[in-house]
């Protein structure tokens, strides 16, 4: 199975990944192609990157690999009070090391992935050839964003019934995309009902906690990886 286990003294995480290789693993990557790591958007997982994997401009010229972050999709972990964007970056670095991936181009979407990619480039610059960041968040969130996260967390994690949960899902879709596309809305809510219902509230709490407690990267840290940035 495409999992990479990262054990430690008081924590455990098993990271799920997908690739565009023939056999679904890095062993069948084309050694002549550069590698591109794709990091999925907020509240989603690598399965939502399938259109990027199907895009011939990427799949024809790159070895593609995408990971489910530790609280997302098929990845598994123990809840950890130490989980932050640096931990997400360390997960990426250790998975790259375990899979013997060469230095790679990084394509990251939205706040959690972008923050992890920036910290990966800052702390492990030898692993990163370039960064492409989509929907870059501010260094720290505005106060109204904290209130929105808190309200969405309560609606999502403590929904008393399915109608309430779907209402919370509608609010999250609007917050994430600003879209009134009903097909997209239905797809997203169906995904959340399957993978992050209120019975898995710890996952959402841990994920939102990262966003609400993110701190700006120090200038000195940026300077250490200026060649990548």
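The values are calculated or read from the model by the stated rules, or taken from the named source; none is laboratory data. What you see is a predicted model, and the numbers here were worked out from it, not measured in a lab. Neighbour counts are summed over all protein chains in view; Cβ atoms, including those assigned to glycine, are modelled from backbone coordinates with ideal geometry.
Please go through the range 204-218 and pick out each residue that is touching a helix residue (DSSP H, G or I) at 6+ places or on another chain (Cβ under 8 Å) and within 21 Å of residue 147 (Cα to Cα).
Selection gives 204, 205, 207, 208, 210, 211, 212, 214.
Selection of the range 164-180 for residues being without any contact (Cβ under 8 Å) to a residue 60 or more places away in the chain and under 17 Å from residue 42 (Cβ atoms) yields 168, 169, 170, 171, 173, 174, 175, 177, 178, 179. Residues in the range 47-61 that are over 19 Å from residue 111 (Cβ atoms) and either in contact with a helix residue (DSSP H, G or I) (Cβ under 9 Å, 6 or more places away or on another chain) or surrounded by 19 or more Cβ atoms within 10 Å (Cβ to Cβ) (or both): 47, 53, 58, 59. When the range 37-46 is filtered for residues that are in contact with a strand residue (DSSP E or B) (Cβ under 7 Å, 6 or more places away or on another chain) and buried (at least 21 other Cβ atoms within 10 Å of the Cβ), the ones remaining, listed by number, are 37, 38, 39, 40, 46.
With respect to the conditions (1) part of a helix (DSSP H, G or I); (2) crowded, with 16+ Cβ neighbours inside 10 Å; (3) at pLDDT below 90, residue 217 falls short on a single one, namely (1).
Residue count for the range 1-36 satisfying the condition of being in contact with a helix residue (DSSP H, G or I) (Cβ under 6 Å, 6 or more places away or on another chain), outside any strand (DSSP E or B) and surrounded by 13 or more Cβ atoms within 10 Å (Cβ to Cβ): 2.
Within the range 194-203, which residues are outside any loop (DSSP other than H, G, I, E, B) and in contact with a helix residue (DSSP H, G or I) (Cβ under 7 Å, 6 or more places away or on another chain)? If the condition is that a residue be outside any loop (DSSP other than H, G, I, E, B) and in contact with a helix residue (DSSP H, G or I) (Cβ under 7 Å, 6 or more places away or on another chain), then 198, 201 are the ones that fit.
So that you can scan it fast, the table gives a plain yes or no per residue for (1) assigned to a loop (DSSP other than H, G, I, E, B); (2) modelled with pLDDT under 95; (3) in contact with a helix residue (DSSP H, G or I) (Cβ under 9 Å, 6 or more places away or on another chain):
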site: 70; (1), (2), (3): yes, yes, yes
site: 83; (1), (2), (3): yes, yes, yes
site: 93; (1), (2), (3): no, no, yes
site: 121; (1), (2), (3): no, yes, yes
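Just wondering, is there one or more residues in the range 173-182 that are surrounded by fewer than 18 Cβ atoms within 10 Å (Cβ to Cβ), at pLDDT 85 or above and more than 20 Å from the chain's Cα centre (by Cα)? It would help to see each step written out before you state the result.
Taking the range 173-182 as the starting set, the residues that turn out to be surrounded by fewer than 18 Cβ atoms within 10 Å (Cβ to Cβ) are 174-182.
Okay, now just the ones that are also at pLDDT 85 or above, so none.
There is no residue in the range 173-182 that is surrounded by fewer than 18 Cβ atoms within 10 Å (Cβ to Cβ), at pLDDT 85 or above and more than 20 Å from the chain's Cα centre (by Cα).
Exactly one residue out of 129, 188, 152 is in the same structural domain as residue 83 (by TED's automatic domain parsing) and either assigned to a loop (DSSP other than H, G, I, E, B) or closer than 24 Å to residue 116 by Cβ (or both), and it is 129.
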